[in-house]
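Here, each number is a calculation from the coordinates, and none is a lab measurement. These figures come from a predicted structure and were not determined experimentally. As a convention, Cβ positions derive from the backbone with ideal geometry for all residues, glycine included, and neighbour counts pool all protein chains shown.
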Amino acid sequence: MADDLHQTAKALVAPNKGILAADESFPTIEKRFKSISIESTEENRRAYRDMLFTTQGLEEFISGVILFDETIRQSSSDGTPFPRLLESKGIIPGIKVDTGAKDLALFPEEKVTEGLDGLRGRCEEYVGLGARFTKWRAVITIGDDIPSDFCILANAHALARYAALSQEAGMVPIVEPEVLMDGDHRIERCYDATARTLTALFEQLDAHRVDIKGTLLKTNMVLSGKDAADRAGIEEVARQTVKVLGETVPDGLPGVVFLSGGQSDGEATAHLNAMNQIDHGAWELSFSYGRALQAPALSAWAGDAAKVDEGQKALYHRSRLNGAARTGSYDPRMETEAA
Ligand code: 13P
């Protein structure tokens, strides 16, 4: 069992590949569909994910896909269940298992992620549906006097409890603490919040006996707030992110897969590329992007069955560029090459 977990974790961060996060909850996918003026119906959600997953050659750059509870139960137009379709392409199906970040009582402006109740049973069910890894997202907010130590601890504790249950069921946990980029703070504040969060997380994972070799970390890059006056450049973001990981992440972890968190698709690729060009720890530095992989595909598709091809070309192109960033061989000129 431990060997299987280690192998799956390694396969998810295989060379030149990363993860496609397609696990938007109902409110989030509704927001994304609004941007292209389509309604969030079950069939539209299925058709959109079908377009993404049937992209020819996707497996060249995508090792795994994170699904949402509805999606793992849906099928491609030819009737093949999505998890089976992905496996047949050599892509590992995964599942988001948290039930969302909720207000942390008595801690204004802070959140704690829910979903532990009944999680053992849900994990068993997801294994039956074909999932081989899981994801849980915690949200940490930067503001006046926050994040509090307690919010960081509460989220780290929940992440570790979740990770233990996921491993017990034989699925690799992707532990995702996201320090949000909302605000006008300087990059130092993000560094500090990220360092505190990751330190607490790895302490809790250790205390909960989670096998680090069968775990992946999904985290934010160290960035200036998105409304900051003077935002740190690409090299600075890469340096600070690699530094914080060096100070907090244990050597045994197979890899770190970044979220894009509202960066533009080009920025997310350039940052990952810059990190892979500098000396970093033993772990693979990869991607697990949602918006930064899907945004161009979503607008090219635009909910039109006649534009499936265009959506798929856009996804393939973005995946290829991020695949190149895995080895530091991305060049912004590749952006304009034919998809
Ligand atoms: P973004 O890359 O859009 O931040 O999404 C990744 C994700 O899975 C957030 O939980």
Legend entry - Distance between modelled label sites at Met1 and Glu267, nm, 7 Å Cα→Cβ extension: 4.3
Inset, instruction - Pull up the DSSP beta bridges for the chain and report the antiparallel fraction as a percent, rounded to 5. - result: 15
Legend entry - Residue-span extension gain [Glu203 to Ala229] - 0.36 nm each, minus C-alpha spacing: 5.9 nm
Legend entry - In segment 119-215, the chymotrypsin sites (Phe, Trp or Tyr not before Pro) that fall in loop regions by DSSP, at most 10 other Cβ within 10 Å: none
Inset, instruction - Determine the sum of side-chain charges near Val244: Lys and Arg each +1, Asp and Glu each -1, restricted to other residues whose C-beta is under 12 angstrom from that of Val244. - result: 0
Legend entry - Segment Thr80-Ile146, length gained on full extension (0.36 nm per residue, minus Cα span): 19.1 nm
Inset, instruction - Return the subset of Lys102/Lys243; Lys218/Lys313; Lys102/Lys218; Lys89/Lys218 for which the Cα-Cα distance in this structure is over 22 Å, preserving the input order. - result: Lys102/Lys243; Lys218/Lys313; Lys89/Lys218
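Please return the longest stretch of the chain lacking exposed loop sites, where GluC sites (Glu not before Pro) count only if DSSP places them in a loop and at most 11 other Cβ atoms lie within 10 Å. The partial results should precede the final answer.
On the way: sites that count: Glu39, Glu337.
The segment 40-336 is the longest one with no such site.
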Inset, instruction - List the residues whose amide H sits under 5 Å from the amide H of Lys111, counting only those 5 or more places along or on another chain, with H placed 1.01 Å from N in the peptide plane. - result: Leu104, Thr141
Legend entry - Stretchable slack from Arg120 to Glu335, in nm (0.36 nm times residue separation minus alpha-carbon distance): 73.0 nm
Legend entry - Inter-label distance for Arg239 and Asp279, nm, one decimal - labels placed 7 Å from Cα along Cα-to-Cβ: 1.5
Inset, instruction - Counting other Cβ atoms within 10 Å, keep those with at most 12, restrict to DSSP loop, and tell me which trypsin sites (Lys or Arg not before Pro) in segment 289-323 are left. - result: none
Legend entry - MRE, 222 nm, helices only [DSSP H, n ≥ 4, -39500 (n - 2.57), over the chain, to nearest 500]: -14000 deg cm²/dmol
Inset, instruction - Go through segment 127-214 and name the trypsin sites (Lys or Arg not before Pro) that are in a DSSP coil and have 12 or fewer other Cβ atoms within 10 Å of their Cβ. - result: Arg209
Inset, instruction - Sticking with the crude label model, points 7 Å out along Cα→Cβ, report the distance from Ala105 to Glu43 in nm, one decimal please. - result: 4.4
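Please give the charge dipole size of the chain, origin at the Cα centre, charges +1 on K and R Cβ atoms and -1 on D and E Cβ atoms. Round to the nearest 20 debye.
Charge dipole, the chain, about its Cα centre: 600 debye, nearest 20.
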Inset, instruction - Convert each backbone phi in segment 214-227 into a coupling constant with the Karplus relation 6.51 cos²θ - 1.76 cosθ + 1.60 (shift: θ = phi - 60°), then list the ³J(HN,Hα) values in order as whole Hz, x for Gly and Pro. - result: x, 9, 10, 9, 10, 9, 7, 7, 7, 10, 6, x, 5, 9
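Helix by helix through the chain, keep the DSSP H runs that span 20 Å or more along the axis on Cα and average at least 0.0 on Kyte-Doolittle, and give those back in order.
Working: long enough: 149-168 (28 Å, 0.41); 187-207 (30 Å, -0.07); 234-248 (22 Å, -0.10); 308-325 (26 Å, -0.88).
Membrane-span-like by this criterion, though nothing is claimed about a membrane: 149-168.
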